[in-house]
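Here the structure comes first, spelled out in structure tokens, and everything after it is commentary.
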Amino acid sequence: MKTNYDIIVVGAGPAGSIAARYAAEQGVSVLILEKDRDVGYPVRCGEAISKAGVEEFIPSDEKWIAAHIEKFSLNSPDGTEAIVEFEDAGYVLERRIFDYALAKTAANAGAEILTRAYVNGLIIEDNKVAGVKYEYRGEPKEVKAKIVIGADGVESRIGRWAGLKTFVHFRDMECCAQVTAAQINLDPNTLYFYFGEEYAPGGYFWAFPKGMNTANIGLGVSGMVGKQRSALSYLNNFMTKRYPDAPVLTSIAGGVPSTVTLEKISAPGIMLVGDAARQVNPLSGGGIASGMIGGSIAGRIAGESIKLNKPDHVLTYDKAWHDRLGKRHETFERIKNGIYNFSDDKFNKIAHSFNKVPKDKRSLGRLFTTALINQPSLLVDIAKVFVI
Amino acid sequence: MYRQAKTGKLMIEILRDKCDFCGCCVGICPEDAIELKEAEIYIIDARCTNCSKCVWSCPIEVIKFNREGVLV
């Protein structure tokens, strides 16, 4: 290991690994520091992703696909089920294997990886980030770099230390609890969503199949709801009612920053990617694909900046991200604020009218259109999603 | 430092044995007052203002606000 790198990436999740790979591919030196013992573990995720979102970065591989998804089942509070079918829509991943595979692609491109390296500070020189301080197996260490990429997830402390405002208002944090349980008899190719006060007010409840009758079952609620009642208690309630005897293989918690991207995601010597930059799709809460896109843009720009010897080039990252996805997320955020505030009655009405649509014409677009009849002010925002 | 007036003890308490180390509270803390390693978590007491946002956002109820203060 050297004491000086062109680029240091903090965090080896999907966003960090992709950032490292896109930078390393340009022939610059890259080091990834991961605080945990393992890349990809522990998993803090529902693990669903679209096929297109994956294949922009890695060819599909059965090794990390737990389930192939062809349908969404959207369930309203009164139990009405609306089904939307897709062809080859996406996957439920086995994240601990998927993240590993992504990290391997970064390593193959030339990036070095060090696990159990807990970054606890930045080196600042001439008002510019110039490296990181970290603890490795109990010993304090330092390593210098021209650019530090913060891929440190929901915590996002790297950005704060560099002077970026990264903390999330608790209203915008979806507080999530999930179990992976066995003996769950659901369709193995359908993602199930449940809406309403009983399941997850201001968010949604999910059941994502993972093969062999196992499933990720969980929910996210806004911190605003959490103030009254925790995600865990909603989860326990659901499990007791529906699957009282299901063996639980894993139980996890997590925070999903469900809002628009931070105002600033770069500064001299520093860039933020993935959850750390708040690049999660605010409507779905999905952050794997958007994090990898953020990572790829940041990695590319960081590599270019080193090669051209133009430190200011990193500042072009904000606009590049905004043009690719950031702007779209602003629209998603407005739709989210509309939809997640629907009353139970409104969810029911939407499901009832959607089920009157002929089966071959039921699509997500159609579902949104149906939602519109119940909330006309959403029209402008939804139109934008389909026009952009 | 913001401590319980009478006892001088910290008022936010993380039940470490029950914590999942998910980082939700760290992302929410406006003061950067929570340190989280792989499976180790604690409050940086010089920064904590007892605002309780971490208590509200914890998905699994392992952060408590303790009126009397707690020894750390």
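What tally of residues in the range A:299-354 results from selecting those that are assigned to a loop (DSSP other than H, G, I, E, B) and in the same structural domain as residue A:32 (by TED's automatic domain parsing)? Before you say what the answer is, go through the steps one by one.
Kept after step one, since they are assigned to a loop (DSSP other than H, G, I, E, B), are these residues of the range A:299-354: A:308-310, A:340-343.
Next cut, in the same structural domain as residue A:32 (by TED's automatic domain parsing) only: A:308-310.
So the count comes out to 3.
Which residues, taken from the range A:42-78, are among the hydroxyl-bearing types (Ser, Thr, Tyr) and under 16 Å from the mean Cα position of the chain (by Cα)?
Narrowing the range A:42-78 to residues among the hydroxyl-bearing types (Ser, Thr, Tyr): A:50, A:60, A:73, A:76.
A:50, the sole residue that qualifies.
Here's the yes/no breakdown for (1) farther than 14 Å from residue A:243 by Cα; (2) assigned to a loop (DSSP other than H, G, I, E, B); (3) in contact with a Lys or Arg (Cβ under 9 Å, 6 or more places away or on another chain):
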{"position": "A:180", "(1), (2), (3)": "no, no, yes"}
{"position": "A:183", "(1), (2), (3)": "no, yes, no"}
{"position": "A:187", "(1), (2), (3)": "yes, yes, yes"}
{"position": "A:197", "(1), (2), (3)": "yes, yes, no"}
{"position": "A:208", "(1), (2), (3)": "yes, no, no"}
{"position": "A:211", "(1), (2), (3)": "yes, yes, no"}
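Could you say whether any residue in the range A:136-153 is within 10 Å of chain B (Cβ to nearest Cβ) and buried (at least 24 other Cβ atoms within 10 Å of the Cβ)? So far as the range A:136-153 goes, yes, one or more of its residues are within 10 Å of chain B (Cβ to nearest Cβ) and buried (at least 24 other Cβ atoms within 10 Å of the Cβ). Just one of the numbered conditions (1) in contact with a Ser or Thr (Cβ under 9 Å, 6 or more places away or on another chain); (2) touching a residue at least 60 places away in the same chain (Cβ under 8 Å); (3) open to solvent by 10 Å² or more (accessible area, probe 1.4 Å) is not true of residue A:157: (2).
Under the condition of being open to solvent by 10 Å² or more (accessible area, probe 1.4 Å) and closer than 11 Å to residue A:299 by Cα, the residues counted in the range A:25-64 number 3. Residue check: residue A:108 meets all listed conditions (1) buried (at least 18 other Cβ atoms within 10 Å of the Cβ); (2) more than 14 Å from chain B (Cβ to nearest Cβ); (3) modelled with pLDDT of 95 or more; (4) on the phi < 0 side of the Ramachandran plot but one, namely (1). Quick check on residue A:39: is it closer than 22 Å to residue A:137 by Cα, in a strand (DSSP E or B) and either under 19 Å from the mean Cα position of the chain (by Cα) or not aliphatic (A, V, I, L, M) (or both)? So residue A:39 does not fit the description; no.
Out of the residues in the range A:165-178 that are assigned to a loop (DSSP other than H, G, I, E, B) and touching a helix residue (DSSP H, G or I) at 6+ places or on another chain (Cβ under 7 Å), state the one that is modelled with the lowest pLDDT.
Here is the first cut: in the range A:165-178, the ones assigned to a loop (DSSP other than H, G, I, E, B) are A:165-169.
Restricting the remaining residues to those that are touching a helix residue (DSSP H, G or I) at 6+ places or on another chain (Cβ under 7 Å) gives A:166-168.
Details: A:166: 96, A:167: 90, A:168: 94.
Within the range A:165-178, the match that is modelled with the lowest pLDDT is A:167.
Residues that are within 16 Å of residue A:185 (Cβ to Cβ) and in a loop (DSSP other than H, G, I, E, B) were ranked within the range A:239-270; the one that is most open to solvent (accessible area, probe 1.4 Å) is A:245. Can we say residue A:87 is farther than 30 Å from residue A:358 by Cβ and either without any contact (Cβ under 8 Å) to a residue 60 or more places away in the chain or in the same structural domain as residue A:184 (by TED's automatic domain parsing) (or both)? No, not satisfied.
The values are calculated or read from the model by the stated rules, or taken from the named source; none is laboratory data. Since the model is a prediction, treat every value here as computed from it, not as a measurement. Glycine gets a Cβ as well: all are built from the backbone with ideal geometry, and neighbour counts include every protein chain shown. In case anyone asks, the SASA skips ligands and DNA or RNA and just uses the protein heavy atoms, side chains included. Shrake-Rupley method; radii C 1.70, N 1.55, O 1.52, S 1.80 Å.
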